[in-house]
Every structure is written in C-alpha cells, then in structure tokens.
Amino acid sequence: MKNVLVIGSTGQIGSELTGELRKRYGNSNVVAGYIQGAEPTGELKEAGPCAIADVTNADVIAEVVRKYNIDTIYNLAALLSVVAESKPRLAWKIGIDGLWNILEVARENGCAVFTPSSIGSFGPDTPREMTPQDTIQRPATIYGVSKVTTELLSDYYQKKYGVDTRSVRFPGIISYVTPPGGGTTDYAVDIYYSAVKGEKFVCPIGKGTRMDMMYMPDALNAAIQLMEADKSKLVHHNAFNIASMSFDPETIYQAIKKYKPEFEMVYEVDPLKQSIANSWPDQMDDSAAREEWGWMPQYDLDSMTKDMLEKLAVKLL
Ligand code: AKB
C-alpha cells in the first residue's frame with residue numbers, strides 16, 4: 001500500500017489528482033498538501049488528511065513525510081509560464097529551490113518523486129514537428145529554464161543517489177474542475193467556458209499556432225501509470241514526452257461549433273503569450289513513453305470537447 005503526498009493539491013492538476021489517488025490507494029493514504037491562502041475545501045478537505053506542505057520550507061516537508069510515513073511525493077508546485085515571466089525569482093524559488101528541498105527529503109526518507117516538466121522546456125531551436133524525446137531544448141522563458149533544470153536535477157538525484165524520480169512533459173492540460181492560472185495554453189480551457197456561457201471568445205493566441213494539449217483524465221492516468229511502471233523497463237526516468245492532440249485556435253473553435261453552431265470567436269493576440277507559444281513545439285513525439293511504460297491516451301479533440309461541454313454545462317448552469 002502506498003502513502004502519498006500531493007504538493008499543490010488545490011491547483012489545476014492537484015485538485016483532481018488527489019481524488020484519483022485516493023480512489024486508488026484509499027482516502028487516508030493520500031495527504032493533500034497545500035500552502036496558506038490555497039487551503040483545500042469541500043471533498044478534498046473532507047475525504048482525507050490535509051497538511052501544510054510549502055516546498056520552500058524543507059523542515060515542513062520533512063515533518064509531513066515522517067508523520068504520514070510517505071513513500072511517494074507528487075510535486076506539483078510551480079508558477080505557470082506567463083505568470084512566471086513577471087515573477088522570475090519566485091518561479092525559481094518554488095520550482096527549483098523547492099524541488100531541491102523535496103529531493104533532499106526524498107533522499108533521506110526513501111520516497112519516489114514525480115515532478116512534471118512541460119512542453120515549455122523546449123525552445124525556439126527545438127524541432128517543432130514530432131519533437132524528439134532527446135533533443136535540443138534551450139527554452140526562452142524562465143518557466144522553461146526552470147523545467148529543464150527540473151529534468152536535469154531529477155536525473156541527477158536518480159543517478160547519483162538512487163532517488164526514484166520520474167516525470168512527464170505535460171502539454172497544455174484542459175479540465176472543467178479547477179481553472180489553470182497564468183499559462184500560455186489557458187485559452188484552450190477558457191474557450192469552453194465562453195462557449196457554455198454563450199459569450200463571444202476573444203482568443204489571445206493567433207491563427208495557425210499549434211500546441212500539444214491533453215484532457216485531464218489522460219494527464220492523471222499518465223502521472224499515475226508512470227509512477228506505477230516497472231522500473232526495470234524504464235530507459236528514461238524523467239521528462240517523457242506525452243501527447244494526445246495538437247491543434248490551433250481555429251481547430252478547437254470548429255470542434256466546439258459542431259455542438260454550439262452559434263458560438264463566435266475573434267482574435268486579439270497577446271504578444272507575450274504569442275511569443276511563448278511560438279517558441280514551443282507544434283507536436284511532440286511520445287514514442288518513448290509508449291514503448292517504455294505503455295502510455296496510450298484515451299481522448300481526442302472531439303471526445304474531449306463533447307465531455308467538456310456537457311460537464312461545464314452542469315457546473316455553470
Ligand atoms: C503553461 O501554459 O504554462 C502550461 C504548460 C504547457 O506547461 N499549461
């Protein structure tokens with residue numbers, strides 16, 4: 001039986017991952033870690049243990065790990081790409097100083113660690129089409145710099161100290177439960193809210209800009225499946241490319257219009273978001289994840305769109 005700590009349990013991914021892990025390993029075996037000002041509420045709070053787990057404080061993390069006999073940490077603490085550009089020091093403090101704290105606690109207590117990387121770890125010199133697993137990265141954002149460092153530091157702890165670090169490069173994640181905050185791919189969530197509310201969508205990303213995207217259920221499966229994978233089969237450990245769909249704004253707009261023919265979209269390009277999007281891949285090659293641990297997404301753009309519109313209608317109306 002696993003004892004799991006989810007750091008960042010009230011964020012976009014954490015709020016759903018914690019529930020999924022509790023279903024799998026039992027409510028009392030999964031601790032929802034949070035910081036002051038982002039406390040768990042509702043089911044997240046009621047169903048299982050919750051504890052302050054601020055990555056910038058190694059002593060606090062160590063205390064939670066010992067108290068709950070934690071063997072696996074999902075470290076989801078990070079600032080997303082757009083917001084990180086305006087707070088680079090904080091992005092580094094949370095993303096890298098925080099990761100260092102977690103890796104040290106993991107080394108001392110024998111924990112496995114999942115810390116996601118992102119399509120943001122790539123940069124303008126990276127091959128854009130079928131971006132290989134191992135290729136040039138050199139990102140142009142502080143978010144990307146911290147994600148490449150995350151990948152390298154996780155590899156280092158794995159090789160040098162035998163800490164079982166594993167991770168994927170997440171695409172933009174689309175979900176209807178907790179909205180993302182401050183990412184370049186957020187438009188692909190916001191567009192569904194506008195469609196369900198019957199509002200015109202103002203798209204901050206320009207026509208023809210493709211990025212990898214993924215529906216939340218696939219993202220959760222990826223994280224859990226990788227952490228449960230047979231270690232002896234892994235050639236890579238960290239930073240697996242995972243992909244399920246890649247589209248530009250026009251394509252997602254047309255996918256929604258199939259179910260909402262009256263839906264309207266106009267473009268008002270945000271220069272910062274556009275420049276970040278321009279430096280990211282159009283579509284990643286995820287064959288290493290498929291070969292090494294059987295990654296296989298379930299959703300495509302149409303099945304995700306149908307589900308998002310149905311679920312959001314229930315949530316918003
Ligand atoms: C962002 O847009 O910053 C994130 C990501 C792709 O890592 N959603």
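Share of Cα-Cα pairs in the range 154-255 beyond 18 Å, in percent?
On the way: 2878 of 5151 pairs.
That tail contains 56 percent of the Cα-Cα pairs.
In deg cm²/dmol and to the nearest 500, what is the mean residue ellipticity at 222 nm of the chain if only DSSP H runs of at least 4 residues count, each as -39500 (n - 2.57), divided by the residue total? Before the final figure, lay out the partial values.
On the way: 13 runs with 135 residues, N = 317.
Using -39500 (n - 2.57) per qualifying helix, the result is -12500 deg cm²/dmol.
Around ALA112, which amide H atoms from residues at least 5 apart in sequence, or from another chain, sit under 5 Å from its own amide H, with H modelled in the peptide plane?
Placed amide hydrogens put THR72, ILE73 under 5 Å from ALA112.
Which value, to two decimals, describes the C-alpha radius of gyration of the chain once divided by 2.2 N^0.38 Å?
On the way: Rg = 18.8 Å, N = 317, 2.2 N^0.38 = 19.6 Å.
Its radius of gyration relative to the 2.2 N^0.38 Å reference: 0.96.
Using the alpha-carbon atoms, what tilt in degrees (0 to 90, nearest 10) does helix 216-228 show relative to the longest principal axis of the chain?
The helix 216-228 is inclined about 30 degrees to the chain.
Quick one: Cα convex hull volume of the range 1-154, Å³ per residue?
Values: hull volume 18.6 nm³, N = 154.
Taking the convex hull of the Cα positions in the range 1-154, it is 121 Å³ per residue.
Above 16 angstrom, tally the Cα pairs of the range 202-317 and express them as a % of all pairs, no decimals.
Working: 4505 of 6670 pairs.
Summing the P(r) of the range 202-317 above 16 Å gives 68 percent of all pairs.
Using modelled amide H (1.01 Å from N, peptide plane; none on Pro or chain starts), what sits under 5 Å from the amide H of SER118, excluding residues fewer than 5 places away?
Residues meeting the criterion, in which the H sits 1.01 Å from N, are PHE170.
By a straight-distance test (C-alpha under 17 Å), which aspartates and glutamates pair with LYS160 as possible cross-link partners, with residues fewer than eight away in the same chain excluded?
GLU104, GLU108, GLU151
Applying a 10 Å radius around every beta-carbon, put 118-125, 248-255 in order of their mean neighbour count, most first. List each step's numbers first, then the result.
Values: 118-125: 23.4, 248-255: 18.0.
Highest-to-lowest ranking by the protection proxy: 118-125, 248-255.
For LEU316, project a label point 7 Å along Cα to C-beta. Then give me every residue of the range 200-236 with its amide nitrogen under 20 Å of that point.
Output list for this probe position: 200-205, 214-217.
If you take all C-alpha pairs in the range 272-317, what percent of them are over 11 Å apart?
On the way: 796 of 1035 pairs.
Considering the range 272-317, 77 percent of its Cα-Cα pairs are separated by more than 11 Å.
In degrees between 0 and 90, to the nearest 10, how far off the longest principal axis of the chain does helix 142-161 point, with axes built from Cα atoms?
In the chain, helix 142-161 runs at an angle near 30 degrees to the longest axis.
Just the number, please: percent antiparallel of the DSSP beta bridges in the chain, rounded to the nearest 5.
Restricted to the chain, the bridges split so that about 10 percent are antiparallel.
Rounded to the nearest angstrom and ordered from largest down, what semi-axes does the equivalent ellipsoid of the range 81-218 get from its C-alpha gyration tensor (root of 5λ)? Working shown, then result.
Details: eigenvalues 178, 60, 42 Å².
Equivalent ellipsoid semi-axes, largest first: 30, 17, 14 Å.
What order do you get for CYS50, CYS203 when you list them from fewest to most C-beta neighbours inside 10 Å? Don't skip to the end; give the middle numbers.
On the way: CYS50 19, CYS203 23.
Listing CYS50, CYS203 from fewest to most nearby Cβ atoms yields CYS50, CYS203.
Once the Cα atoms of the range 1-91 are picked out, what are the Rg and Dmax in Å?
Cα only, the range 1-91: 13.1, 42 Å (Rg, Dmax).
Which order, highest average first, do 187-197, 139-149 follow once you tally other Cβ atoms within 10 Å for each residue and take the mean per peptide? Intermediate values should be presented prior to the final figure.
Numbers: 187-197: 20.7, 139-149: 23.1.
Descending packing order for the listed peptides: 139-149, 187-197.
By count of other Cβ within 10 Å, fewest leading, how are SER175, SER287, SER9 ordered? Please report the intermediate quantities before stating the final value.
On the way: SER175 22, SER287 14, SER9 31.
With the sparsest Cβ surroundings first, the list reads SER287, SER175, SER9.
Starting with the fewest neighbours, write out SER303, SER15 ranked by other beta-carbon atoms found within 10 Å of each beta-carbon.
Working: SER303 12, SER15 23.
Placing the least packed residue first, the sequence is SER303, SER15.
What lysines could a cross-link reach from LYS273, if we take a straight Cα to Cα line under 21 Å and drop same-chain neighbours fewer than 8 places away?
Partners within reach: LYS87, LYS147, LYS200, LYS207.
Under 10 Å, Cα contacts only: if you run a Gaussian network model on the chain, which one of THR115, THR165, THR41 comes out with the highest mean-square fluctuation?
THR41
We did not get these values from a lab; they are worked out from the coordinates using the rules stated. Treat the numbers as computed from the prediction; the structure is a model and nothing was measured. Note: ideal-geometry Cβ built from the backbone for every residue, glycine included; neighbour counts use all protein chains shown.
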